[in-house]
Every structure is written in structure tokens, then in C-alpha cells.
Amino acid sequence: MKGIHIFLADGFEDTEAIATLDVLRRAGIEVKTVSMNEDRLVTSSRGVPICADVIFKDINSEANGACPADVMVFPGGMPGTKHLAANSKLIELMKQHYADGGIVAAICAAPGLVASQLPDLRGKKFTCFDGFEDALIAKGAEYVKAPSVVDGNLITGRGAGCAIDFGCAIVRKLKGADAVSKVRHGMMLD
């Protein structure tokens, strides 16, 4: 899947989605939010309505050939993450995207429920919200208790309090450390 997309299903975690989006856009990265609903309106786990940029069914999933500049981002939150994990079309698209070399970025419950559906995770390092690590460990991945973890084309984050760090990890992978320094400085984090 070409481009950078944040997938939103009803019940997504507010901070994980919006802080990640904010960090990426501050870095000058073009990113689109994707509604998994029939329309662009998606409601967060805290009841905040968000108007996504596009609707999943309208995305051209036939655009094959993902590369390391293409990212599929999955925020956590309940029941949003369960909705993402249950969407077979989305999961198949993610698997193909990953196989083509695209980045899968998942935070909170999403590593355990969504990214865990990727094949061959043996030896991959990851993090997630406490209690969602078992599915990845069962596939041979190694849990690391850190705000964010980058291992090849898999980027994971621990939870809402780590969303800015997670977003910065994506920026670092795409644009390097200088871009992260500029974003962090602009947000008064350094």
C-alpha cells in the first residue's frame, strides 16, 4: 500500500492516533487518516468524533509495491483495535504491505491484536501495552518494555503516554534524526 495511512475504527485511542498524526505532519510527512466505517466519521474511545481523510473501501488496495517509505499505522484503544484486527481485508492488505517491504507501525493493543497477524515474527523485538504481548511472543518475537521499538519494518509503541515517542520513531525511520530533533524542539520536548 503506497503512502502513509493511520487506520481508525470506532473506539480508537485518541492520543495514540492524534499525537502520532500531529508528530508526522510536524515533520512534513504527508499522512492520511482512514475511516474503517462506511463514512468518514469515526468516534474515539473517549467519544470524540473525528472526520478521517478517506474511507477504507475507497482506498486503492491494488496499488502494490510498498517500499520502506510506505507506512500503515494502527493505534490502539478498545474496541477500535478489535475492529481493526477483525477486518480480514485490512489484515490481508497489511500482510502484503509488510511482505513488499512497507512499514507496519502499531501501538498499545495493536501490536498484540493486529501486528501479531503478520507471518514470521521470529526474533523481532517489539513493545505493546502490558498484557497484549502473548500473541507476538507465541510467534517467537521478543518483548521489550520501552516507549517505542523499531526492528526493521516493524515499529511498535507501548501506549498513549508513549505516542509522541512512537510518532518520533516513525519520523526517524522515514526522515532521520535531524527531523526528529526539529519536531521535538518545536514541541518543546528538548
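Structural remarks
- Area of Lys82 that stays accessible when all protein chains are in place (1.4 Å probe, Å², to 10): 120
- All Cα pairs of region 1-107, percent lying beyond 16 Å: 53
- Among Cys168, Cys67, Cys108, the largest mean-square fluctuation in a Gaussian network model of the chain (Cα springs under 10 Å) belongs to Cys67.
- A Gaussian network model of the chain, with springs between Cα atoms under 10 Å, assigns the largest mean-square fluctuation among Val150, Val114, Val48 to Val48.
- Summarising the overall dimensions of the chain from its C-alpha atoms, the Rg and Dmax are 14.9, 42 angstrom.
- Theoretical ellipticity at 222 nm over the chain - DSSP helices of four or more residues, -39500 (n - 2.57) apiece, nearest 500: -9500 deg cm²/dmol
- Average silhouette area of region 1-64, convex hull of alpha-carbon atoms, in square nanometres: 4.2
- Ordered from highest to lowest accessible area with the whole protein assembly present and a 1.4 Å probe, Lys139, Lys89 read as Lys89, Lys139.
- Relative contact order of the chain, pairs being alpha-carbon contacts under 8 Å that are 6 or more residues apart, as %: 21
- Spatially, region 22-96 and region 97-155 are offset by 17 Å when compared through their Cα centroids.
- Estimated at the nearest 10 Å², the accessible area of Arg172 is 120 Å² with a 1.4 Å probe.
- Between Lys89 and Ala177, the simple spin-label model (points 7 angstrom out along Cα→Cβ) gives 4.3 nm.
- Share of carbon and sulfur in the accessible heavy-atom surface of the chain [1.4 Å probe, %]: 53
- Å² of accessible area per residue within region 2-138, as computed with a 1.4 Å probe and no ligands counted: 43
- Spatially close lysines, pair count over the chain: Cα under 12 Å, gap of eight or more or interchain: 5
The values are calculated or read from the model by the stated rules, or taken from the named source; none is laboratory data. Keep in mind that this is a model prediction, so the values were computed, not measured. Please note: Cβ atoms are built from the backbone with ideal geometry, for glycine as well, and neighbour counts cover all protein chains shown. Accessible surface is based on the protein model in full, side chains and every heavy atom, while ligands, DNA and RNA are left aside. Shrake-Rupley method; radii C 1.70, N 1.55, O 1.52, S 1.80 Å.
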